[in-house]
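> One structure, pasted below without further comment.
Any read-out appearing in this document is the output of simple, stated calculations on the displayed coordinates, not a laboratory observation. Computed from a predicted model, the values in this text were never measured in an experiment.
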Amino acid sequence: MLLRSNPPVNMPKMRPAWRIKMIVLCVLAGGYALFMWHVVTTKPRVLMQRVLIPVDVVKPKTQTLKGPPAPPVPLMDAPAIVVPPPHIPAR
C-alpha cells in the first residue's frame, strides 16, 4: 500500500460535532496530564518547622503503686441452639 499525504476522496469525513468533541477531549486530557506532571515533579512546601521542646517542660514520670490482681473470670458454656428444619411447600 502506498503512503499518501492526502486521504482518499471516498473516505467519509468526521462530523463537525464529533470533531469538536474530540478536540475538547484532547485538550482536557492534555490539561490533566500537565496537572499530574506538575503534581509529581514539584516538591511540597514545608509548612511547619521542627520545634525543639526543652527538657524542663516535660514532667518526669511518677511511680504508681500496683493494685491487687483482678479476680479470675468464670467461663460459661455457650447455650444450645435448636433450629427447626426448613419448611418447603410443595407446588
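> Compute the acute angle (0 to 90°) between the alpha-carbon long axis of helix 16-41 and the principal axis of greatest extent of the alpha-carbon atoms of the chain; round to the nearest 10°.
The helix 16-41 is inclined about 40 degrees to the chain.
> Helix-only estimate, please: 222 nm mean residue ellipticity of the chain, summing -39500 (n - 2.57) across DSSP H runs of length 4 or more and dividing by its residues, to the nearest 500.
Helices in the chain give a 222 nm mean residue ellipticity of -10000 deg cm²/dmol.
> A further question on this structure: Of all alpha-carbon pairs in the chain, indicate the percentage at a distance above 18 angstrom.
84 percent
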